[in-house]
Amino acid sequence: MISIIILGSGNVAKHLFDTFLGQNEINILQVIGRNKDHLSYFKSKVEVSNDFNTIQDADLYLIAVSDDAIPEVAKTLRGKKGIVAHCSGSVPLKALDPINRRAVFYPLQSFSAGKKIDFKSVPICIEAENKNDLNLLEQLGNSISNNVQEVSSEQRKSLHLAAVFVNNFTNHLFHIGHEICEDNDLPFHILLPLIKETVKKLDYITPLNAQTGPARRNDRSTIENHLNQLKTKNNKDIYTLLSKSISEKYRNEL
Ligand SMILES: NC(=O)c1ccc[n+]([C@@H]2O[C@H](COP(=O)([O-])OP(=O)(O)OC[C@H]3O[C@@H](n4cnc5c(N)ncnc54)[C@H](OP(=O)(O)O)[C@@H]3O)[C@@H](O)[C@H]2O)c1
């Protein structure tokens, strides 16, 4: 049985909490957060506190707070014997207090309020300073996911950068598509099969081979027409930059 205390009461804290609750081998002792109201989500099922001086002893402290607040929250765990792990993709392990057994437990997924996630398919990237701590994180990860991997701070930094491109930027492009549909009385849902196929085919072919469209074909008149249709400078700039990047990538095949 692994005893856990979660620090933070936001999206990741809630998703991890809900997933851990269903596991026999995990015992959540407390959820600690600075805001009493935000702790109400947890309080019917576990002890909660907004007093960082009341933190109990546990095998593992999971810090699920905003990236910038991780070092400050970690300081409240000085003197604790358990592993102190943060959940961030972009913060190095060394941002934690060296007095503690430092570690990282990073679930590589996009968590939003109100959208349940099946953790079985979520890659859990773990890092620790010694084999025993890594084993415990691996055991914890394996209890909720089929994909637990050791990833160094340096690798995680790059993984997070790649994740921004494939998730945050694509989602913003979905939003631009959504606006274009709305402006022209079209339902955004008409694009969903295309979006899903774009992602599904990556199971079989690389993004480089999957690319289609006017920029890959260097179809100048279609590109000009699209640019004329766009209303804002930002959207024209995004279209131009992405088209240039695609055209240059495939220049040699035309
Ligand atoms: N969201 C994702 O998709 C995702 C995915 C993987 C990893 N992560 C990582 O998970 C961590 C938490 O992200 P999140 O999405 O759960 O963020 P979030 O929903 O914005 O929640 C942030 C939490 O941090 C707390 N907090 C902020 N500053 C604090 C401080 N100075 N002292 C104490 N608590 C403080 C907030 O407390 P209040 O409620 O009082 O404001 C809130 O509970 C981050 O390291 C993030 O990089 C996020």
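Tabulated values for the structure
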item	result
Listed residue pairs exceeding 19 Å between alpha carbons, taken from K131/K157; K94/K157; K94/K120; K14/K115; K80/K157	K131/K157; K94/K120; K80/K157
Prolate/oblate/rounded label for the chain (Cα gyration tensor, a/c 1.5)	prolate
Range in the chain, longest, excluding exposed GluC sites (Glu not before Pro) [loop by DSSP; at most 16 other beta-carbon atoms within 10 Å]	130-254
Peptides 57-68, 156-167 ordered by average Cβ neighbours within 10 Å, highest first	57-68, 156-167
Overall form of segment 2-151 per C-alpha gyration tensor (a/c, 1.5; a/b vs b/c)	rounded
Where chymotrypsin sites (Phe, Trp or Tyr not before Pro) fall in DSSP loop in segment 173-224, at most 15 other Cβ within 10 Å	Y204
Ordering of 97-104, 214-221, 32-39 by packing [mean C-beta count within 10 Å, highest first]	97-104, 32-39, 214-221
Portion, in percent, of the accessible area of the chain that falls on carbon or sulfur, probe 1.4 Å	51 percent
Rounded, prolate or oblate (a/c below 1.5 giving rounded, otherwise prolate when a/b exceeds b/c) for segment 129-175 by Cα gyration tensor	oblate
Distance from segment 1-41 to segment 86-153 (C-alpha centre basis), Å	15 Å
Residues of the chain: accessible area per residue with a 1.4 Å probe, Å²	61 Å²
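The values are calculated or read from the model by the stated rules, or taken from the named source; none is laboratory data. Remember, predicted model here, so these are calculated numbers, not experimental data. No Cβ is skipped: glycine too gets one built from the backbone with ideal geometry, and neighbour counts run over all protein chains shown. Note: accessible area is taken over every heavy atom of the protein model, side chains too, but ligands, DNA and RNA are not part of it. Shrake-Rupley method; radii C 1.70, N 1.55, O 1.52, S 1.80 Å.
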